[in-house]
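The values are calculated or read from the model by the stated rules, or taken from the named source; none is laboratory data. Just so it is clear, the structure is predicted and the values come from calculations on it, not from any experiment. Cβ atoms come from the backbone with ideal geometry, glycine included; neighbour counts cover every protein chain shown. For the accessible areas, the whole protein counts, side chains as well, though only heavy atoms, and no ligand, DNA or RNA atoms are used. Shrake-Rupley method; radii C 1.70, N 1.55, O 1.52, S 1.80 Å.
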Amino acid sequence: MGERMMVEHKNRLLQLMRFEQVSIRLFGLLVAIIILTFYYLHSRYTLTNMQVFAAFLIIYASLILWGWLRMKLLLRFSSDELYRRYVRINFLFIFMTVIGLAIFIWGTVIQNFQHVTYSLLGTLIVLPCLYFEWWVNERLKKIDPEHVTNQDIRQYRRLKKAGEQ
C-alpha cells in the first residue's frame, strides 16, 4: 500500500488562512472593478438588466472558482478516501448553491419571481448550504482529527488579533 499523506493541524490552519486572505483581497478587487464599471455604465444611461445579471454571474463564477481551489487545497491535506469524498461532496453542494442563486437572480432579472418574497427565497437557497457546510466539517473532523474547521479559523483569527493589540 502507498504511504498515507497527512498534514498537521497548524500547517493546515496557516495554509487555509493564507488562502482566505488572498481570496478576500482578490474578491474585493473584483467587486470594486464591477462597481466602477457599473457606475460608469449607469452614468451613461446604458445599464441594462442583462448587464446586472452578467455581473452576478461573474461574482458567482468567482465563488465557484474559490470553492474549487479550496477543495484542491483540502485534498492535499489527507489521502484518506472518505475524507476526500466528503471534500468533493462539499464542493458539489457549494456549486449547486451558487447555481441556485444564479437561477434566482436570473428569475429576478426576467421578472418571473414577482410574487415571491426575495428574502425568503434567498434564505431557502443559502441556509441549507450553511447547514451542510457544518455537517460536512463535523464528518471531516471525525475522519481526520487534524481537519481545520471554520471555527478553528475564527478562533485562530481572534487569538492572533488579541496577540497583536
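Net charge around ASN137, counting only other residues with Cβ within less than 14 Å of its Cβ (Lys, Arg = +1; Asp, Glu = -1)? Residues near ASN137 contribute +1 overall.
Can you compute the charge dipole magnitude of the stretch 119-165 about its Cα centre, using +1 on each Lys and Arg Cβ and -1 on each Asp and Glu Cβ, nothing else charged? Give it in debye, rounded to the nearest 20.
Working: 8 positive and 6 negative charges, 37 e Å.
About 180 debye.
Residues considered: SER23, SER62, SER43. Largest GNM mean-square fluctuation over the chain, using C-alpha springs under 10 Å, is found at SER43.
Please report, as a whole percent, how much of the solvent-accessible surface of the chain comes from carbon and sulfur atoms (probe radius 1.4 Å).
Details: 7400 of 11250 Å².
After summing per-atom areas, the C and S share lands at 66 percent.
If R0 is taken as 41 Å, the Cβ-Cβ distance between GLN15 and ASN49 corresponds to a FRET efficiency of 0.50.
Accessible surface for the chain, divided over its residues, is 68 Å² per residue with a 1.4 Å probe. Each principal axis of the Cα atoms in the chain has its own extent, and those three values, largest first, are 61, 37, 30 angstrom. Quickly work out the SER23-to-LYS161 label distance, labels modelled 7 Å from Cα along the C-beta direction, and quote it in nm with one decimal. So the two model labels end up 1.8 nm from each other. Extension gain, ILE35 to ARG76: 0.36 nm times the residue separation minus the Cα-Cα distance gives 11.2 nm. Summarising the amide proton neighbourhood of THR149: residues at separation of 5 or more, or on other chains, whose placed amide H is nearer than 5 Å comprise an empty set.
For LYS142, the lysines whose Cα falls under 27 Å of its own Cα, not counting residues fewer than eight places away in the same chain, are LYS10, LYS72, LYS160.
Which of the DSSP-defined H helices in the chain satisfy a minimum axial length of 20 Å, computed from C-alpha atoms, and a minimum mean Kyte-Doolittle hydropathy of -1.0? Please list the in-between numbers first.
Working: long enough: 9-43 (50 Å, 0.74); 49-75 (39 Å, 1.46); 81-109 (42 Å, 1.21); 118-143 (38 Å, 0.57); 150-164 (21 Å, -2.03).
TM-like helix candidates: 9-43, 49-75, 81-109, 118-143.
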